[in-house]
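Report on the following structure.
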Amino acid sequence: MTAVSTPGVEAAPYTVEEVCEHFDPVMGLEVHVELNTATKMFCGCANAFGAEPNTNICPVCLGLPGSLPRVNGAAVESAIKIGLALNCRVRERSGFARKNYFYPDMPKNFQISQYEDPIVFDGYLDVPLDDGGTWRVEIERAHMEEDTGKSLHVGGATGRIHGADYSLLDYNRSGVPLIEIVTKPIVGARDRAPMVARAYVTALRDILRGLGVSDVRMDQGSMRCDANVSLTPKGSPVFGTRTETKNVNSLRSVERAVRYEMGRQAGVLLSGGTVRQETRHFDEQSGTTSPGRAKETLADYRYFPEPDLPPLEPGSAWVESLRAGLPERPWERRARIQTEWSLSDEELRDLVNANALDLVADTVEAGAPPEAARSWWVSYLLQQANKREVTLPELSITPAQVARVIALVAEGTLTNKLARQVVDGVLEGEGDPDEVVAGRGLAVVSDESALTAAVDEALAAQPAVAEKIRAGKTKAAGAIVGAVMKATRGQADAARVQELVLERCR
Amino acid sequence: MSDMISLDAAELARRIHAREVSSVEVTRAHLQRIEAVDGPSDGSAGPDGVHAFLHVDADGALAAAEAADRAIAEGGPVSPLAGVPVALKDNLTTTDMPTTCASRILDGWRPPYDATVVARLRAAGLVPLGKTNLDEFAMGSSTENSAFGPTRNPWDLTRVPGGSGGGSSASVAAGEAPLALGSDTGGSIRQPGAVTGTVGVKPTYGTVSRYGLVAFSSSLDQIGPCARSVLDAALLHEVVGGHDRCDQTSVNAPLPPVVEAALAGARGDLAGVRVGVVGELSGEGYQPGVLAAFTDAVRTLGELGAEVVEVSCPSFSYALPAYYLIAPSEASSNLARFDAMRYGLRVGDDGERSTDEVMSLTREAGFGAEVKRRIMIGTHALSAGSYDALYGKAQKARTLIVRDFTAAFETCDVLVSPTTPTTAFAIGERVDDPLAMYLADLCTIPANLAGNAALSVPCGTSPDDGLPVGLQVMAPALADDRAYRVAAAYETARSSTPDAAPRIPELRALETTR
Amino acid sequence: MSDITRDDVAHLARLARLAVTDEELDTFSRQIDAIVDTVSAVGDIPDDVPPTAQVVPQTNVLRADATEPSLPRDVALAGAPAAEEGRFRVPRILGEEL
Ligand SMILES: [Mg+2]
Ligand SMILES: [Zn+2]
C-alpha cells in the first residue's frame, strides 16, 4: 500500500479500516444553526432568506455608530429548547461576550457571542445509526451568536475570493440568530467515525426540524457543519493534532469529509510527517479537503463580557414550561407510528425516504385512515411531485385537503378516479377539494333515474350488444357500461351502472 | 451682550411660555452670540474664538424655534423647556447634522437616525443649535484631542475647558447655549463643568438612554446635562432621562424626582442630610486654591444644616488604573467598526490594496494619537496573555470600588469632593504627557466605575488663579435627587455671597474684534 | 515593569489595524509602557475578589420577536465610501479570517 499523490489534489491514500489499524480517530463537530425567528438576534429586521441585498438592515445590524443590540426573546427560547432537546443543563446565569476580529462581512468587527457561560451545556444525544445501533454523542455546549453578512467576489475567477478585484457586501444575513452546537470529543467510533458523524448531524437536523426552530437547510446554509478530526496513535493517551474542516454543506459531505481527513492524516503520519493544526476546506466536487490560508499568528479573539446587554437568568419556571412543550423525538415518534400503523420496516423506510412521514401523520391526524393516507402520499401524490420536480412537502396540497379527499371517497361522493381529478384541481390552485368538486362538477351521478335513462339510451344505441346481454352473455355489458361512463364523463359509479344494465336486460 | 444669553433656561422658558419673548428671538440671540464669540467651526480662528461648536445649524434651529412658538401660541400643553435652545455634544447621532465625534474617520457621515436623547429633545420642543466640540471619541480631559482644533475656556482663552465635553460646557459657560448635553465616561461632563464654572451631571448609569451615543466605553458612558444652574440641569435631565427600549441596559424604573429635589434644595435647608467628605480625594497633588474653595464649600454645607463627616474609600486608589484599563479595552472593541467599509473615511483604496491594508491605512490616518494609544492599550489588556493581570484585575477593582461606595452610603446620604484636582490648565501643557492628563479625572472616575449618580456644581474660584472650581456631589445609584438637592441648596447659599462669580464671562475683547 | 517594546506595539497595531509609522512605534512604545506600568497597580488586588463587568441591575431584558422597519436601501448605502448593485463595495478580501 503506497500513498499516491496527484499534483494539486491530496489523495486520501488510506481507507478508514486501514487507518484504524494504526490510529484511533477523534472527532469534534461544531454545527451552526440559523434560527427561523421572524426577526434577527439583536434588532427588529426581518430574518428572511433570499431578500434583495441590503433591504433587511438597520443601524443595529449594520453596526452604525451609536446603535445598541436588543436581544430577541424568541431566539433565547429556541436556544433553551435546543438545549433541553439535547439533554443539556440550562445555565442559571449566562451572558453575552464580544469576540473581536476584523472581517468586512462583520459590521462591528466583533461578533456578539457567548464565551465562558453558554446558555446551555453538558448534554448528550443518543444517535440512531444505520446499522441499527445507537451512539451517544456528548454535547459540550450550545451558545447563541449572530451571523455575518455575505460577500460577493468580483473579478478574477468570479465568485472566488482568491484573485478577486473587489467584493460586494450584503448585510441582510448580518445579525441572523445562530446557535452553535459543540460536541465533546467523539472517541472510540473507530472505522464507524464517518458514519457516526453523519448520523449525528442527521439526528440533530431531525431534532431541530421537530422543534420547529430552524429551517435546517444545509443547501441554503441554515445548517452548517465544521468537522474537527485528529488521529491518536493506537495506545497513546494523547490526542493527535486536529484539523478543522469547514464548508461541509450536506449530510453526505459530513461523512465524506471525515473519511477523507482520516485517510489524509494517516497518510501524512505514516510517511513520517506531522499534521498541521489548520483550517481546511471541503470540496464537494472532488470529495477532498484543502488547506486554508496559513495564519501568521494564532487567533486571539480578545473575548470580554458584552457591556451593552444585561445577563440572562432563565429561572426554572420558564425552563420547565419550555421543557413541557418539547415535541416527541423524531425517531421515537417514527417507532411509535410504525407500531400504531403496523408498518413493515420497508414501508416505514419508503415513507421516510419520500419525506412523507410527517405528511401522512398529519393526514391521519386530520381524520383519514392510515392506510388510505399512506397510499395517497406514496403513490399518486409522489407521482405528481416527481412530475413537477418538487419534493412531497413542496406540493401545494395540505394533509387536511388530502384527508378531505379521502373522506369524499369514503362517503361515495367521489370515485377514486374522480378523487384524482379533485387532487389535480387542488394542485392547480383551484381551491379546497369541495371547491374543486363544485367547480369542475365532479361529484358522482347518484340520481338513479338519470342513470337509468343513460343506460336505456346506450342499450338503444347498440341493439346488437343489448341482444347479447339479454341472451345471457353478461360479459358484453362492459361495452354498455363504458358508453354510460363516457356519457356521464366518468361521474357515474361503474359498479352501479353494471347492475342497472343487467337489470334492464333481464 | 443681550441679556437673553445670560438667563437661566428656566427663566427663558418662563418668558417664552408667557409669550414675553419668542423662541425665535431667544434662538437668534444665541446664534448671534455664537457668531460673535465662537470663531469659524473649523477652529481656524487661532486663539481668538471659544470654538465650542463643530457645526451650527442656524436654519434648523430657527425652524425648530418657529415650531415651538406655534405650539405655544396654540395654547396646548408644552414641555417645561419647549422653545429653549440646547447644544449637543458631537458624539450624539443627529439626522439633520453631521456627527463627527471630532474625528477625521467619520468624515462625511450623516447618521440615518437620531439618538434617543435627541429625539426626546425634539419631541419636547427644545431647539438644537448645533454640535459641540470634544476630545476625539470623548477620549481626553481637555478637548485638545479634537481633530478640528481645541475649544478654549471662556474664562481664560489660553486655557483648556476640560474634557472630553469641553465644547458643551464652554458653550454654556460662554452664553452660546443655555443648556447642553454631554457624555460622561470618566468625568467628561463634570470635569469640564468644574473648570468652566458650570453645572454638569452624570446621572445614574442606565437612567439616560445611550442609544445614539457613539460608544467609547459602554459600561461607563452616560449622557447628562450641562447647565448654568442646578434647576436647569434637572429640567433637562427630566426631558432626556427615563427608560428606553432601544437600550437594554436602560433601567426600567421611574426617574428620580430631580426637578422637585432641585426646587426643594433651593429653599436652602439641609437639616438631617449626612454629607461625607471622601478623605482619599484631596491632599497631595491637589491645587491649594482648589482645596481652599472646596473647604469653604463644605463649611457652607454645614452652615445649611448638613451633618458633615469624614469617610474613607481606600479602594479609590485603584480607580484611575482600573479606568484606564476598562475604558481602553471597551473602546478598542467599540472603535473597531470604523474600518472604511460602510461609512466615513476611506484611505488608500487604489484597486490593488486589500481590505486589511485599506482598513489599516484609514484607521492610521483617521484616528488621532490618543485614540490610537487607547485602542492599543485596550487591545493589549484584553489579549490572552494579559487579560487576567490587566482587564480581569480591573474588573475586580471595580468590585472593590462599588463596595467602598456601598459602605460609605451606609453612613452618608451624599459624598463630596473637589470635582478636579486643579483648575483649568494651559492649552498645550499636558498634551505630550498622557499620564499627567489622566490625573484630571482622578475624582470623577469612581462614580463611573460604580455607576452611581454624581454632579459638579460651581464653588467659586480658586484664590491662587481666579479660575472656577467645582464641588462634586455623589449620590447612590437611583438617588440622583439627593445630589440635586444638596447642590441646589449650596448654589442658592453661594449666589447670595458677595464674592459670587459672574455667571457669564464678558468676552468683550472677542466681541469687538469680530 | 510592563516592558512594552516596539515589537509589542507593532503587534498590537497589526491586531488593531493601525498602519503606524516608525516614529509612532517609538513614541507609542515609550508612552504605552509608562501607562501600562501605572495601570498594572491593579495587580495588587487579590484574585478572590469577584469581577464586576457592568453595573446594570436588571436581567432577562428581552425584545419581542416582531419585525420593525428596516432602513431604505438608498439611505443605508448613502454613507458608503463605495457602493454597487445595491451592495457595499469594498477592496479585495485576502483569505478568510476563521
Ligand atoms: Mg461561533
Ligand atoms: Zn437590523
remark   = Loop-resident trypsin sites (Lys or Arg not before Pro) in chain C with no more than 13 other Cβ atoms inside 10 Å, DSSP not H/G/I/E/B, are none
task = Count the net charge of all other residues whose Cβ sits under 11 Å from the Cβ of B:Ala29, scoring Lys and Arg as +1 and Asp and Glu as -1.
result = -2
inquiry  = Can you tell me the convex hull volume per residue for the protein assembly as shown, based on C-alpha atoms, in Å³ to the nearest whole number?
reply    = 229 Å³
task = At 4 °C and 1.567 mPa s, grab the translational diffusion coefficient of the stretch A:16-299 from Stokes-Einstein with a Kirkwood Rh over Cα pairs, rounded to a whole number in µm² per second.
result = 65 µm²/s
note = If every Lys and Arg gets +1 and every Asp and Glu gets -1 at its Cβ, then about the Cα centre the stretch A:386-469 yields a dipole, in debye to the nearest 20, of 320 debye
query = Looking at A:Ala443, B:Ala261, A:Ala460, which one has the Cα that reaches farthest to the positive end of the dipole of the protein assembly as shown (charges on Cβ: Lys, Arg +1; Asp, Glu -1)?
reply = A:Ala460
key: Whole-angstrom Cα spans of the stretch B:132-205 along principal axes, big to small   = 33, 24, 16
request  = Mind checking the stretch B:223-301 for GluC sites (Glu not before Pro) that DSSP puts in a loop (not H, G, I, E or B) and that have at most 15 other Cβ atoms within 10 Å?
outcome  = B:Glu284
remark   = Log10 I(q)/I(0) at q = 0.12, 0.19, 0.21 Å⁻¹ for the stretch B:318-393, from Debye over equal alpha-carbon scatterers, is -0.39, -0.78, -0.88
query = For the stretch B:283-334 and the stretch B:110-137, what is the separation of their Cα centres, given in Å?
reply = 30 Å
key: Cα-projected label distance for B:Ala407 with B:Ala500, points at 7 Å along beta-carbon direction, nm   = 4.0 nm
FRET efficiency, B:Leu439 to B:Asp464 (Cβ-Cβ, R0 22 Å, nearest 0.05) = 0.80
ask   = For chain C, what is the per residue volume of the convex hull drawn over the alpha-carbon atoms, in cubic angstrom?
value = 260 Å³
note = For the stretch A:448-504, one quarter of the surface area of the C-alpha convex hull, expressed in nm², comes to 3.2 nm²
key: 19 Å Cα-Cα reach of A:Lys486 towards lysines, excluding residues that sit fewer than 8 places from it in its own chain   = A:Lys417, A:Lys475
request  = Quickly work out the B:Glu303-to-B:Thr158 label distance, labels modelled 7 Å from Cα along the C-beta direction, and quote it in nm with one decimal.
outcome  = 3.4 nm
key: Neighbour cut-off at most 13 other Cβ (10 Å), DSSP loop, chymotrypsin sites (Phe, Trp or Tyr not before Pro), the stretch B:113-186   = none
ask   = Using every alpha carbon pair in the stretch B:12-107, what percent of pairs falls into each 5 Å bin from 0 up to the bin containing the largest distance?
value = 2, 13, 20, 19, 18, 13, 9, 4, 2, 0
ask   = Using only Cα atoms, what is the ratio of the radius of gyration of the stretch A:146-250 to 2.2 N^0.38 Å?
value = 1.37
query = Dipole magnitude of the protein assembly as shown about its Cα centre, charges +1 at Lys/Arg Cβ and -1 at Asp/Glu Cβ only, in debye to the nearest 20?
reply = 2340 debye
query = If you bin the C-alpha pair distances of the stretch A:213-270 every 5 Å from 0, what whole percents do you get?
reply = 4, 18, 23, 19, 14, 9, 7, 4, 1
remark   = Ordered by fewest other Cβ atoms within 10 Å, a rough proxy for footprinting exposure, B:Phe216, A:Phe23, A:Phe49 read A:Phe49, A:Phe23, B:Phe216
message = Distance between the C-alpha centers of the stretch C:5-33 and the stretch A:348-414? Whole Å please.
response = 69 Å
message = Largest first and in whole Å, what are the equivalent-ellipsoid semi-axes of chain A based on the Cα gyration tensor, each being the root of 5 times an eigenvalue?
response = 58, 28, 23
note = Over 25 Å (Cα to Cα) among A:Lys40/B:Lys396; A:Lys81/A:Lys184; A:Lys40/B:Lys131; A:Lys40/B:Lys393; A:Lys150/B:Lys89; A:Lys40/A:Lys108 -> A:Lys40/B:Lys396; A:Lys40/B:Lys131; A:Lys40/B:Lys393; A:Lys150/B:Lys89
query = Over all distinct alpha-carbon pairs, what is the Kirkwood Rh of chain B in angstrom?
reply = 22.5 Å
query = Charges only on Cβ, +1 for Lys and Arg, -1 for Asp and Glu: so what's the dipole of chain C about the Cα centre, in debye to the nearest 20?
reply = 600 debye
remark   = The computed P(r) of the stretch B:243-381 puts the percent of Cα pairs beyond 18 Å at 75 percent
note = Of the DSSP H helices in chain B, the ones reaching 18 Å or more along their long axis in Cα terms and averaging at least -1.0 in Kyte-Doolittle hydropathy are B:23-37, B:58-73, B:288-303, B:319-334, B:369-382, B:393-411, B:480-495
message = Given the -39500 (n - 2.57) contribution per DSSP H run of 4+ residues, what per-residue ellipticity at 222 nm results for the protein assembly as shown, rounded to the nearest 500 deg cm²/dmol?
response = -11500 deg cm²/dmol
Separation between Cα centres of the stretch A:119-196 and the stretch B:207-232, rounded to whole Å = 41 Å
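Any read-out appearing in this document is the output of simple, stated calculations on the displayed coordinates, not a laboratory observation. For clarity, every value in this text was computed on a predicted model and none was experimentally measured. Cβ: placed from backbone, ideal geometry, glycine included. Neighbour counts: every protein chain shown.
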